[in-house]
Amino acid sequence: MPMTDRELLQALRSGGSTTAQTCGLLFDAYGAELYEHCRNTLDDDAAAQSALRDTVIVALAHIGRLSDPDLLRDWLLALADAECARHEAAASQWREQDHDGKPPRAALTGVSSVTQPAALRVRVLSGVITPELAEYRSLVAARGNHFDRRGFPLPASARRSPGPCSYLVPGLIAGVGAVVALVVVLFQLVSRTVL
C-alpha cells in the first residue's frame, strides 16, 4: 500500500533514513507527475530532468517549511514551477547572448534525454546523492529560499531585495546603543569624581 502524504512527509522530516532512501520515497510518490509537469512547461526532456532534479533538491532541503502535510503535492508542484521558471530564464539568457534556437542541453542541464522512468529515477537520485555534486546541491537549496508563511515558494516578482533600511536600521541601533553606553560610562565617571 502506498504511503499517504502525511506518512511521506513524516519520513522526509524524520532524518531516520538516508538521503537516497528519502529521495527514492519522494520520487516514487511524485517523480513521474513532477517530470510530466516540468516536461509540459519546458517542452524539453533534458531541461525537465534538470528541473525535476532541482525540485527534489529544494524539496529535501526545505521540507520543514511546509506547514500542512495535506498540501505536499501542491507544494511540490509549486517548487517545480519555480525551478521551471529558473530554467526558462536561463534559456532566455542563452538566446539573448546571440545564440540561435534552444540552448544546447549540455549548456543548461549537462544530461542527455532519458524518458524511461527507471533511468529518470537513477538520474535524479544520482544528482541528489552524488558527493561530487554537493556544492551544486547547496547552491540550488540556497537559491530556493524565498517562501511564504505556508512554506510555498514566492514567485520572483514577489521577492523583495533588501532595501536601504535593512542595512541602516541595524547600524543605527548599534550606534544608539554605543552612545547610550558612552553616556552611562561618562555619568558614572562624573558621579565618582564629584563624590
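Some points to look at:
- Under 5 Å from the amide H of residue 147 lie the amide H atoms of 154, each residue being 5 or more positions distant or on a separate chain, with H modelled from the backbone and absent for Pro and chain starts.
- Gain in span if fully extended, residue 85 to residue 65, counting 0.36 nm per residue against the direct Cα distance: 5.1 nm
We did not get these values from a lab; they are worked out from the coordinates using the rules stated. Treat the numbers as computed from the prediction; the structure is a model and nothing was measured.
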